[in-house]
Amino acid sequence: MSNNPGIEFRKEGRIGIIRFNNPPLNLGTNNGLALLEQILADIESDSELRAVVLTHNGKVFSAGSDMNEIQKHLEKNTYVSEKMESEVRLRTRLSLLPIPTIAALDGSAYGGGFDWALSCDMRVAAPHVVLSLPEVNIGSFPGSGSAYRMTRLIGSGRAMQFMLFAKQMSAQEALSLGVVNEIANEGTAYELAYRWAEEIAAKSGSAVRAVKEALSRIFMTEQRWLDLTQLEISQKVADSADFREGMQAFFEKRPPIFEGDAAPDSK
């Protein structure tokens, strides 16, 4: 068992539980990414585990990355090479764990925080939960994988609308579109996810892993290309005046004034 201020991991029989523990917003940090990398490595090497539940403390599942850390990376020109590389790589690693993963959303999820849930195989949510990818509002885009993960789930037209308008999706709408598998109308989303994990854990380990492998292989050949594409686009965003203006406006608590300048082409 490993405990830390940002992320906790524990094992209960054949179930692994990853818990975001950085309330009130459960913001992702560089330290948290490093800890999560070790947690995922431990899960990958544990042949006894049958399922993983991703959950959280506090009222918000996660509101994404710590904006102060993003600003520091931009100042050092390491936003893509360090920050986004880790974000993309670890979400892909979570999605490719050899056992099923279930995100338990008892609180709303925004931006990169929502992408952690999208990186899981299944999602259950409390009725009040709101889901959003608002990155466009600060001159950015969902660069850690949400763009293609949402497109796979709901199609390109709806995904485009959802991201361009920074649309908020209710739990009921998410259920109807297939973004979440079920709404926890009785009890918590965590309780529902844990029941599912218990049922999976009672099944044949080889069969459970075979199902996960079969589904993972559907997109395996394109995954590396998708990861590289996200980083390429993220670099264009990082080089743009609009993203820097969006970040400055965020900290100054004012509407951004975008110039609309395209990022300079790489030579």
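The values are calculated or read from the model by the stated rules, or taken from the named source; none is laboratory data. On a predicted model such as this, the values are computed, not experimentally measured, just so you know. Cβ placement follows ideal geometry from the backbone for every residue including glycine, while neighbour counts extend to all protein chains displayed. Just so you know, the surface numbers come from the protein's heavy atoms only, side chains and all, with ligands and any DNA or RNA stripped out. Shrake-Rupley method; radii C 1.70, N 1.55, O 1.52, S 1.80 Å.
Is it the case that some residue within segment 85-103 is among the small types (G, A, S) and at pLDDT below 95? No: segment 85-103 contains no residue that is among the small types (G, A, S) and at pLDDT below 95.
Residue by residue, here is whether (1) outside any loop (DSSP other than H, G, I, E, B); (2) modelled with pLDDT of 95 or more; (3) more than 13 Å from the chain's Cα centre (by Cα); (4) farther than 22 Å from D227 by Cα holds:
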site	(1), (2), (3), (4)
D115	yes, yes, no, no
C120	no, yes, no, no
H128	no, yes, yes, yes
M150	yes, yes, no, no
M160	yes, yes, yes, no
M163	yes, yes, yes, no
E186	no, no, yes, yes
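Only residues that are part of a helix (DSSP H, G or I) and open to solvent by less than 70 Å² (accessible area, probe 1.4 Å) were counted across segment 188-200, and they come to 8. The single residue among K203, K167, K236 that is of a type outside the set (V, I, T) and open to solvent by less than 70 Å² (accessible area, probe 1.4 Å) turns out to be K167. Scanning segment 165-176 for residues that are on the phi < 0 side of the Ramachandran plot and either within 18 Å of the chain's Cα centre (by Cα) or in contact (Cβ under 8 Å) with a residue 40 or more places away in the chain (or both) yields K167, Q168, M169, S170, A171, Q172, A174, L175. Cβ-Cβ distances below 8 Å connect the following pairs, each with a first residue in segment 102-124 that is under 18 Å from A159 (Cβ atoms), a second residue that is basic (K, R), and a separation of six or more residues or different chains: D115/R91; D115/R149; W116/R91; A117/R123; L118/R149; S119/R91; S119/R149.
Could we say that L118 is buried (at least 23 other Cβ atoms within 10 Å of the Cβ), among the hydrophobic types (A, V, I, L, M, F, W, C) and out of contact with any strand residue (DSSP E or B) (no Cβ under 6 Å at 6 or more places or on another chain) here? Yes; evaluated as a whole, the condition is true for this residue. Answer with yes or no whether Q223 is under 18 Å from the mean Cα position of the chain (by Cα), open to solvent by less than 40 Å² (accessible area, probe 1.4 Å) and in contact (Cβ under 8 Å) with a residue 24 or more places away in the chain. When the stated conditions are applied, Q223 passes them. Scanning segment 233-257 for residues that are outside any loop (DSSP other than H, G, I, E, B), among the basic types (K, R) and farther than 12 Å from F141 by Cα yields one hit, R244. The criterion of being among the aliphatic types (A, V, I, L, M), under 26 Å from E82 (Cα atoms), surrounded by fewer than 16 Cβ atoms within 10 Å (Cβ to Cβ) and more than 21 Å from the chain's Cα centre (by Cα) does not hold for A214. Of the listed requirements (1) among the polar types (S, T, N, Q); (2) farther than 18 Å from A117 by Cα; (3) in a helix (DSSP H, G or I), S86 misses just one: (2).
So, in segment 242-257, how many residues would count as being charged (D, E, K, R), open to solvent by 70 Å² or more (accessible area, probe 1.4 Å) and on the phi < 0 side of the Ramachandran plot? First the steps, then the outcome.
First, pick out the residues of segment 242-257 that are charged (D, E, K, R): 242, 244-245, 252-254.
Checking which are open to solvent by 70 Å² or more (accessible area, probe 1.4 Å) leaves us with 244, 252-254.
When the remaining residues are screened for being on the phi < 0 side of the Ramachandran plot, the result is 244, 252, 254.
Counting residues in segment 242-257 that are charged (D, E, K, R), open to solvent by 70 Å² or more (accessible area, probe 1.4 Å) and on the phi < 0 side of the Ramachandran plot gives 3.
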